[in-house]
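The values are calculated or read from the model by the stated rules, or taken from the named source; none is laboratory data. Since the model is a prediction, treat every value here as computed from it, not as a measurement. Quick reminder, even Gly has a Cβ in these numbers, built from the backbone with ideal geometry, and neighbours come from all protein chains shown.
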Amino acid sequence: MSERKSIHGEWSSGMAFFLAATGSAIGLGNIWRFPYLAGENGGGAFILVYLACIVLIALPILIAEITLGRRGRESPLNTFRRLALDEGRSRAWAGVGFIGMLSGIIILSFYSVVAGWSLEYIWLSLRGAYQGASADRTDQLFSMLTSSPWQQMFWYTLFLALTLIIVARGVRKGLERAVWIMVPLLFVLLAVLVAYALVVGDAHAAIVYLYSVDFSRLSGHAVLLAMGHSFFTLSLGIGAMIVYGAYMPNRLSIMRAAISVAVADTVVAVLAGLAIFPLLFARHLPVAQGPKLIFASLPAAFGSLPFGFLFGAAFFALLTLAAWTSAISIIEPVVSWLVELGWSRPRSVLAVGSVVWMSSMLIDFSLNVWSGITWQGRTLFDLFNFVSSDIMLPLGGLLIALFAGWVISERSLRQELRMNRGALRLWLWVLRYVTPVGVLLIFLNALGLIRGAL
Ligand code: TRP
């Protein structure tokens, strides 16, 4: 067991760790991204592949990240350096922490734009802005929003400010206190919204659409999307779970914690579809709209259903809360690193916040004034959204798996995990062989280098 202490503080209990890590995992990924990915890529078949990715690739890496973090007890970058030196290996491993911080900044810059839309939709719902509107009209409403750089800026700036305030207050007073309130509230809201959708919506059509398995609709590219999403949804590949692990008390079981987080996250992803699709089907609204799904189509459903404005506001409040407890975990790796360099926490937060804010502006403008600038038909928004999760996160995750599986000695891992020998060996075997090979095969398959196998 590690004797080290984190200079940033510790979670006060196992529950605090669970809420923080679950709050990180459950985010726009579960409620905004997963439903449209599953919808567009073959419903049930996509979900099955995604579940396989969670169990064989993402969960082993989640366990590895928490273990590394708790052993190093520093920001991801310094944890890599310290653990590599402990094992007599190259300090260049710190580079993995560095790439992770860059990925985090890229992710948060489009993440905050989407979270900003969500904040604005709480306001629009309460104002009744889409009451009785047709799907064409709500689609237009959304286009108007994204085509105005300043209006959009107002909302993501607000979202970023809310995120930064929490992180500036530190682990106990900021992060922990926030998740104690927000994560339980998130579960309550989700339960209410699923119940509502099942009662007033077309549950049957939604279940057929989401869960019927048809492998012919699944492409090699869809398998890559499922894998990338498994990293995104469990907050892997950038060090977020490493830093949350660094604040985890020694007495807690890492394995149990990791499994609870993965289960909670998966349940929420699967339930989120049930809060959305029954409403769309009840109103015969377009369901395959990619990133626009819940902003362009869903309001048209809420706008014509009983108490829709209220449930609509609750839906976007749920989305905002989920995004908020995730955003804090995306910048914590960078903030903790700056604090270790000797900066004060508020100053670190301000520095990271400014960089993210400026790069959010790029995303913002890519949707309006610079929408003509594309690369292979993709705007900067699409590129950030896909490149980060489908390339950078799996790459980061692969390096983390190799580091934990091959660089750290089994003895060190056993000291930190303190679990039954058989279970440890099984995990380590999956982490060493199955996870890296899985990631590589999926990459190659998506690049079209191997055919027929998947
Ligand atoms: N998991 C979050 C979601 O599903 C997003 C997130 C939080 C994240 N921290 C992360 C994604 C770190 C990648 C890396 O919305």
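Summary of values
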| item | result |
| --- | --- |
| Residue tally, condition more than 12 Å from the ligand (Cβ to nearest atom) and not polar (S, T, N, Q), over region 12-34 | 6 |
| Sole residue being buried (at least 22 other Cβ atoms within 10 Å of the Cβ) and either touching an Asp or Glu at 6+ places or on another chain (Cβ under 8 Å) or under 30 Å from P306 (Cα atoms) (or both), chosen from W123, W117 | W117 |
| Yes/no for G273 being within 22 Å of I26 (Cα to Cα) and modelled with pLDDT under 90 | no |
| Every residue from region 35-72 that is of a type in the set (G, A, S), crowded, with 22+ Cβ neighbours inside 10 Å, within 30 Å of L424 (Cβ to Cβ) and away from the ligand (no atom under 16 Å from the Cβ) | G72 |
| Index of the failed condition, V167 passing every other in (1) farther than 23 Å from F384 by Cα; (2) more than 16 Å from the ligand (Cβ to nearest atom) | (2) |
| Number of the condition not met by M255 [criteria: (1) within 22 Å of F187 (Cβ to Cβ); (2) touching a residue at least 24 places away in the same chain (Cβ under 8 Å); (3) in a helix (DSSP H, G or I)] | (1) |
| Exclusive hit being within 17 Å of the chain's Cα centre (by Cα), within 16 Å of the ligand (Cβ to nearest atom) and in contact (Cβ under 8 Å) with a residue 60 or more places away in the chain, set A246, A275, A327 | A327 |
| Given (1) closer than 19 Å to F315 by Cβ; (2) surrounded by fewer than 23 Cβ atoms within 10 Å (Cβ to Cβ); (3) within 20 Å of the chain's Cα centre (by Cα), number of the condition L186 does not satisfy | (2) |
| Condition met for L236 (within 16 Å of the ligand (Cβ to nearest atom), assigned to a helix (DSSP H, G or I), modelled with pLDDT of 95 or more and not β-branched (V, I, T)) | no |
| Which numbered condition V200 misses (of (1) out of contact with any helix residue (DSSP H, G or I) (no Cβ under 6 Å at 6 or more places or on another chain); (2) of a type in the set (A, V, I, L, M, F, W, C); (3) surrounded by fewer than 17 Cβ atoms within 10 Å (Cβ to Cβ)) | (3) |
| Search result, residues across region 330-352 that are surrounded by 24 or more Cβ atoms within 10 Å (Cβ to Cβ) and away from the ligand (no atom under 16 Å from the Cβ) | V349 |
| D390 surrounded by 21 or more Cβ atoms within 10 Å (Cβ to Cβ), of a type in the set (D, E, K, R) and either under 19 Å from the mean Cα position of the chain (by Cα) or closer than 23 Å to V96 by Cα (or both) | yes |
| Some residue of region 170-177 being assigned to a helix (DSSP H, G or I), within 15 Å of the ligand (Cβ to nearest atom) and surrounded by 15 or more Cβ atoms within 10 Å (Cβ to Cβ) | yes |
| Test: residue in region 85-92 that is surrounded by fewer than 22 Cβ atoms within 10 Å (Cβ to Cβ) and within 14 Å of the ligand (Cβ to nearest atom) | no |
| Members of region 108-160 found to be farther than 18 Å from S371 by Cα and acidic (D, E), listed by number | E120, D136 |
| Index of the failed condition, G29 passing every other in (1) surrounded by 24 or more Cβ atoms within 10 Å (Cβ to Cβ); (2) closer than 15 Å to V243 by Cα | (2) |
| Options V261, V213; residue that is touching a helix residue (DSSP H, G or I) at 6+ places or on another chain (Cβ under 9 Å) and crowded, with 18+ Cβ neighbours inside 10 Å | V261 |
| Region 216-243: number of residues that are crowded, with 16+ Cβ neighbours inside 10 Å and over 20 Å from the mean Cα position of the chain (by Cα) | 2 |
| Answer from A135, A92 - the residue that is over 17 Å from L402 (Cβ atoms), over 26 Å from the mean Cα position of the chain (by Cα) and hydrophobic (A, V, I, L, M, F, W, C) | A135 |
| Residue in region 289-300 that is surrounded by 22 or more Cβ atoms within 10 Å (Cβ to Cβ), under 30 Å from F98 (Cα atoms) and in contact with a Leu (Cβ under 6 Å, 6 or more places away or on another chain) present | no |
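Condition check ((1) aliphatic (A, V, I, L, M); (2) in contact with a helix residue (DSSP H, G or I) (Cβ under 8 Å, 6 or more places away or on another chain)) across all residues:
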residue: L380; (1), (2): yes, yes
residue: G396; (1), (2): no, yes
residue: L402; (1), (2): yes, yes
residue: W427; (1), (2): no, yes
residue: P436; (1), (2): no, yes
residue: L447; (1), (2): yes, no
